Each structure stands twice: as structure tokens, then as C-alpha cells.
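The values are calculated or read from the model by the stated rules, or taken from the named source; none is laboratory data. As the structure is a prediction and not an experimental result, all values here were calculated from the model. Heads up, the Cβs are rebuilt from the backbone with ideal geometry, glycines too, and the neighbour counts pull from every protein chain shown.
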Amino acid sequence: MPLIEVNNLVKDYKLNVRKKGLLGSIHSLLVPEYKMKRAVDNISFSINKGEMVGFIGPNGAGKSTTVKMLTGILVPTSGQISIGGLSPHRDRRKNAMRLGVVFGQRTQLWWDLPAIDTFELLRYIYKIPEKIYRQNMNLFNDLLEINEFMSQPVRQLSLGQRMRADIAAALLHNPEIIFFDEPTIGLDVIAKEKVREFIRYINREKGTTMLFTTHDMQDIEKTCRRMIIIDEGTTIYDGTVEHIKESYGTSRTLVADFPEVIHSIDIPGVEVIEEKGRKKWLRFQKDEVQVSNLIYELTQKYGIIDLTVQEPEIEGIIREIYQGGIKIDESLCRVC
Amino acid sequence: MGKKPLFNIFELFVLLLKYAKLSLKSILEYKFDRTFITIAIVCREMISVVVMFLILVRFVHIKGWEYNEMFFLYSFLFLSYSIFVLFFAGMRDFAEMIYSGEFDRVLTRPLGLMYQIIASKIDLSAGLGHGIVGVILFTKTAFSVGIDWNIKNIVYYIVILISGAVIQASIFLFASCFSFWTVKTDNLRNMIFFNARRFSGYPISFYPGIIQKLLMFVIPFAFVNYFPAQFYLNKAEINSFWNGFLYLSPAVGAIMFVLVYMFWRQGVRHYSSTGTSR
């Protein structure tokens, strides 16, 4: 049985329509006008124990609303959520015992105090046995090196340090499920890598179920096998990262440096998408044009100094999906 | 349903102390600043006391009240306010929790919401500031106005101070509740609360009927200081009020808290169905 089951989840917001100007605001205070907005529109999915799932989608797609419903902050308008048999809002406190939540944009650490103080408090909030607390503190120090800044007030920490401490704090009570809301936002490359590595390790060693929301496709590629893409409140894709790459990443780009400036290249199936001096970026479909033939032809006609072939990055594919360039096939949606 | 609670009373109490420890540590991070705030509050309040004193010493008494009795009445305001901000500052500043998004975090914890709100904040500076003024007034007056401080009187005194604190906390929480509907009410609240409090600096018998009624039934400050003080002073004018009012402060506190708590629950329900502003 899946650990998290979401069925036909819907969330409507009642928005207060405000009018412009002073008269307008008085008017809307006296005669409030409301507009319904459907933030989440009939989403269903299930997640098994130990899975790592990436939640992606453009801003305002309904990701955060979904996570807020899963964590018990918001009550669904309709539909069911079951987390190991509990309803996140009806059994809020019991459910909270098993959850860890990391909000990348907000810290749960006491701002003016060293992080260790918050950890000590969490120990009592989640009734963490002494032994587990010690074990986890040692583990987090080994992997995240938190001891080096544990005794500084949180307000003095760098964003990377704070994020590490925040993640450790959310994991202190060995939660069965962790929600990460943009855990790598604003971090530098090294800090990001550290966080991802840690997340992978915890998933592997403790079998913790994890859900991410992020805008960083690297986060997804490097940690999750499965991703759920949400747009305008509905699921438009639920499957593996590889699968989407295979199905939609069929174009290749050949970057060629020619000995002299060439004005036009006329090879069927090949499109010049960018040029800079003598360098040209040529796009083609891998199943229409054979790369070896293309290189041969170019060498024959113009001569080539240097060349590279680029695979499309997942980021590019996702961008196209958001912009409506790629319509996801219905059949793809339930592949896993 | 016979559900076993996640925490027993003892655990909740220990946890409350842990929260208090962190609050105090946070305050100590800014020792200098906080000390100054305390001093500033003491000065501000003492000035009003001194001004009142200078006016009152010119009279032997006003409407049968001599100035020691007036200051005894006044001391209730300070001491109960001090208890209020020491123990219920979270209820006072609750609106901030909504605006900052901190309330979302509260909802993801395995603890009761009101428990977390009360536990998460202590305003030591204001508590001390008002407390110092209150203690000065109390010690200067309590033994010269003819009160027999026996056990019964001492116990009721403590109960009455706590009741006063709960009444004031309820007023503040009531105002904070509007932030669930993203309506800012801070200024309205301050206007109502602090003006009512200023009226309460004098016996309500000084005022016309409408203001008396207001202070008894709308913003019930009369139960924070006038009736409690009369319980001890027993001045003749009390006959113009129902005698039972002398004992009613704890009930008023309890009822107000329950009503405001119910309103607050409504707010929480609204919040989790809208997530406010967005």
C-alpha cells in the first residue's frame, strides 16, 4: 500500500477582488466581491515508502498549495489525502509527529540564538529519545559539518550554513516523510551539491520518503528518479526523468567552428539557431539526420576547426513544456 | 474516543519551561537594548504616577477616595499588565505570526496551536517595567489603606491579578483574530485598549453612567482594577453596584477567554481554508 495517497484533490481560493483607489477600497470593504480561483484542480497521485519525488511547475502552478495541504496547513476543498492512513488536517498533530518540513525561504531556527538551542527544543517537541538524538547529531555533523557553526547565533550564519542547520533540524526526529520546499534556493554550487548528497544519503540509509518542490532541475536530476509536473493546478506529467528526456529530448545541437564566416548553410533537416562570428549552432532531430553524415557533409563543404554535439538539457525540455511548445502525451502520464 | 494524548501534562510543563528558556536567552542577546526599554517604561509610567500624585496631594480626598487608595487601585493595572505580558505576550503579538508566515510552522508541529502561541513568547522588558511600577505602588499603599493581609485575602489577590491578565490578553487576542481575515486592527485595538486603561486609572464612580457601563460590559477594565480594589477597600459607594461584582473578575476572565478562543478557532478554520492573502 502506498504511503501517501492523494485522490482528486481540489483547492479553491476565494479571492477578494479589490478595486483601485480610495473609493474603490471603501466599496470593496462594504460590498466585498469575491472571485473563485482553483489553485489545485483534481490532482491524484500516490507515493510509496522510500520514494523520492520531485514536484515541479512554474510559479503559481499549485505546487505550494499541494504541499501545504499535505502538511496539514491548508484544508482541501474536496478530495482525499491519506498519509499512512491519517488525514493531514484532521489528525494534524499525530501526522506532524511523522513529518519533517523544510521551507527553503523561511527558517525554523530561533533567529537570535545558536542553532543548538533550537535543536534542544525540538528534542522535547518531538520527544526524541536521548540515544537517537545523539546518533543523529553525530550523523549530521559527519555529513553536513554543522558543529563548526552550531554555537553561533543563527542570524550570523551564511545562507548555506543556515540551510544545512535547517535541514538537520527537520530530520532530527527521524521523520518518515520529509517535504522540502525549495531546499537549495539561493545556495552556491558547492552548497547545493552538499545538500543534495546529504538528501540522497538519508533516503538511501533511512528509507525516508521525500517530496521536493524546486525550480532547479539539477535538484531533480541528481536526486529524484520520479517527477510530477504541475501546471495550472493539474498534473501534466508523472513519471521518470529519463523517460521525459527520451521522449522529448530528440533534438541535438551541433556546435561547429568554421575556418571562415559562412552566410548560409543549406542542409535539409538542419536549422541554424545561433551564430557568433565563425561559430554556428545547428539543430537537428537525431532520428532524421545522422550525426556522422552531417559532420561528413560539413567537413566536405566548409571544413571544420572544432565541433561539439550537445544533448538537450532537461531544463530546456521543461521550459518548452511550460511555454506550451511540448504537449505531453496522455499516455505518458501514468507510466509509473 | 479514548485517544491517548501525544503529551501528558508533565511533558507539556517541561516543554513550556524549555520554550521560556529560549525566550529569555533571546532577550539576553540584546541585554543593553532590553534594559533600556525596561527603564524607559518605568520612567514613562512613573511620570504619569508622579503627575497624578502632585494633583492629588492638594486634595484630602476626591469623592471619598484618598490618594493612597487611588494608587492602590492604580497598582492593579500595572501588576496585571505585567503578568499579561510575561505569560501571554504570544496572544498579544499573534497578528505578527500570521503576517510573517510563522503560523504555518506552528501548524506543522505536533502541539496544540494555542499552547505554542502562549509558549513561544515572553515580553520580559515590558513585564519588568510595568511590574516595577506596580510593586512600588503596591508596597507604598497596600499597608496603609487598612487591609488585613490574611491568607484568604492574599490568595484572592493573586487570583484577581491573573484574572486581570487574562481579561487583557483576551482583548488583545480578539483584535489579533482579525488578521486571519487580513484586516489590520492594531491601531483600533491600541486606541480602545489604552484609552480604556487610562479611564481605569480612576474609580469608575467618577464617570458618567455610560462610561461606567462601557468599562463594565464592553471593555471590562472595571474587573481588572475597580471591583478588585473595592473588594479590599470596601468603600461605601460600592452599594450603588451589585455586590456580586466584587467576586466576578475570575468569571469575567474565564468567559472572555472562552468566547475569544471560540472566535479564534473560527479564524484558524478560515485561515486553513484560504491561507490568507494568497
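I'm trying to understand the selection: among the residues of segment B:22-44, which are charged (D, E, K, R) and either within 8 Å of chain A (Cβ to nearest Cβ) or under 20 Å from the mean Cα position of the chain (by Cα) (or both)? Within segment B:22-44, B:25, B:29, B:44 meet the criteria. Of all the numbered requirements in (1) assigned to a loop (DSSP other than H, G, I, E, B); (2) under 19 Å from residue A:47 (Cα atoms); (3) more than 8 Å from every other protein chain (Cβ to nearest Cβ), residue A:89 misses one, and that requirement is (3). In the set A:187, A:113, A:171, only one residue is out of contact with any Gly (no Cβ under 6 Å at 6 or more places or on another chain) and not small (Gly, Ala, Ser); that residue is A:113. Restricting B:160, B:154, B:147 to residues that are in a loop (DSSP other than H, G, I, E, B), away from chain A (no Cβ under 14 Å), β-branched (Val, Ile, Thr) and farther than 30 Å from residue A:98 by Cα narrows the list to B:147. Please tell me if residue B:176 is closer than 30 Å to residue A:117 by Cα, modelled with pLDDT under 90 and touching a helix residue (DSSP H, G or I) at 6+ places or on another chain (Cβ under 6 Å). Criteria met by residue B:176. All of (1) acidic (Asp, Glu); (2) surrounded by fewer than 16 Cβ atoms within 10 Å (Cβ to Cβ); (3) assigned by TED's automatic domain parsing to the domain that holds residue A:57 hold for residue A:238 with one exception: (2).
Within segment A:309-323, the set of residues being over 18 Å from residue A:250 (Cβ atoms) and not in a helix (DSSP H, G or I) is empty.
For residues that are closer than 12 Å to residue A:174 by Cβ and within 9 Å of chain B (Cβ to nearest Cβ), tally how many sit in segment A:124-135. Give the steps one after another, and end with the answer.
The first filter runs over segment A:124-135 and keeps only residues closer than 12 Å to residue A:174 by Cβ, leaving A:126-129, A:131-133, A:135.
Next, only the ones that are within 9 Å of chain B (Cβ to nearest Cβ) stay: A:126-127.
The number of residues fulfilling the criteria is 2.
Restricting A:141, A:136 to residues that are buried (at least 17 other Cβ atoms within 10 Å of the Cβ) and part of a helix (DSSP H, G or I) narrows the list to A:136. Within segment B:166-197, restricting attention to residues that are β-branched (Val, Ile, Thr) and surrounded by fewer than 18 Cβ atoms within 10 Å (Cβ to Cβ), the residue that is farthest from residue B:226 (Cα to Cα) is B:182.
For segment A:274-307, the tally of residues that are in a helix (DSSP H, G or I) and β-branched (Val, Ile, Thr) stands at 3. Scan segment B:264-274 and give yes if some residue there is closer than 26 Å to residue B:146 by Cα, more than 14 Å from chain A (Cβ to nearest Cβ) and assigned to a helix (DSSP H, G or I), otherwise no. Scanning segment B:264-274, I find no residue that is closer than 26 Å to residue B:146 by Cα, more than 14 Å from chain A (Cβ to nearest Cβ) and assigned to a helix (DSSP H, G or I), so the answer is no.
Taking residue A:75, is it in contact with a helix residue (DSSP H, G or I) (Cβ under 7 Å, 6 or more places away or on another chain), part of a loop (DSSP other than H, G, I, E, B) and within 9 Å of chain B (Cβ to nearest Cβ)? So residue A:75 passes the test. Contact map, segment B:118-144: first residue over 27 Å from residue B:93 (Cα atoms), second residue of a type in the set (A, V, I, L, M, F, W, C) and part of a loop (DSSP other than H, G, I, E, B), Cβ cut-off under 8 Å, separation 6 or more or different chains; pairs are B:142/B:149; B:143/B:149. Return the only residue of A:71, A:107 being in contact with a Phe, Trp or Tyr (Cβ under 8 Å, 6 or more places away or on another chain) and polar (S, T, N, Q). Exactly one of A:71, A:107 is in contact with a Phe, Trp or Tyr (Cβ under 8 Å, 6 or more places away or on another chain) and polar (S, T, N, Q), namely A:71. Suppose we keep only residues that are of a type in the set (A, V, I, L, M) and assigned to a helix (DSSP H, G or I) within segment A:144-169. Which one would you say is farthest from the other protein chains (Cβ to nearest Cβ)? Only one residue tops the list, namely A:144. Among the residues making up segment A:39-51, those that are crowded, with 16+ Cβ neighbours inside 10 Å and in a strand (DSSP E or B) are A:39, A:40, A:41, A:43, A:45, A:47.
Residue check: residue A:81 meets all listed conditions (1) closer than 30 Å to residue B:270 by Cβ; (2) within 12 Å of another protein chain (Cβ to nearest Cβ) but one, namely (2).
Might you check whether a residue that is assigned to a loop (DSSP other than H, G, I, E, B), more than 14 Å from every other protein chain (Cβ to nearest Cβ) and buried (at least 18 other Cβ atoms within 10 Å of the Cβ) occurs anywhere in segment B:235-251? Looking through segment B:235-251, at least one residue is assigned to a loop (DSSP other than H, G, I, E, B), more than 14 Å from every other protein chain (Cβ to nearest Cβ) and buried (at least 18 other Cβ atoms within 10 Å of the Cβ).
The residues listed here are B:238, B:211; of these, the one that is free of Cβ contacts under 8 Å to residues at least 40 places away in the same chain, closer than 15 Å to residue B:65 by Cα and of a type in the set (A, V, I, L, M) is B:238. State yes or no: is residue A:115 more than 9 Å from chain B (Cβ to nearest Cβ) and among the small types (Gly, Ala, Ser)? Against the criterion (more than 9 Å from chain B (Cβ to nearest Cβ) and among the small types (Gly, Ala, Ser)), residue A:115 qualifies. Scan segment A:214-257 for residues that are closer than 24 Å to residue A:307 by Cβ and in contact with a helix residue (DSSP H, G or I) (Cβ under 8 Å, 6 or more places away or on another chain) and report the count. Final tally of qualifying residues: 5. Just one of the numbered conditions (1) without any contact (Cβ under 8 Å) to a residue 24 or more places away in the chain; (2) within 14 Å of another protein chain (Cβ to nearest Cβ) is not true of residue B:113: (1). Apart from one condition, residue A:56 fits all of (1) away from chain B (no Cβ under 13 Å); (2) surrounded by fewer than 17 Cβ atoms within 10 Å (Cβ to Cβ); (3) of a type outside the set (Phe, Trp, Tyr); the exception is (2).
For the condition more than 24 Å from residue A:103 (Cα to Cα), within 14 Å of chain B (Cβ to nearest Cβ) and in contact with a helix residue (DSSP H, G or I) (Cβ under 9 Å, 6 or more places away or on another chain), what is the one hit in A:68, A:14, A:35?
Exactly one of A:68, A:14, A:35 is more than 24 Å from residue A:103 (Cα to Cα), within 14 Å of chain B (Cβ to nearest Cβ) and in contact with a helix residue (DSSP H, G or I) (Cβ under 9 Å, 6 or more places away or on another chain), namely A:14.
Taking the criterion of being of a type outside the set (D, E, K, R), assigned to a loop (DSSP other than H, G, I, E, B) and closer than 21 Å to residue B:184 by Cβ, the only residue of segment B:89-113 that qualifies is B:101.
The set of residues in segment B:1-13 that are surrounded by 12 or more Cβ atoms within 10 Å (Cβ to Cβ) and assigned to a helix (DSSP H, G or I) comprises B:11, B:12.
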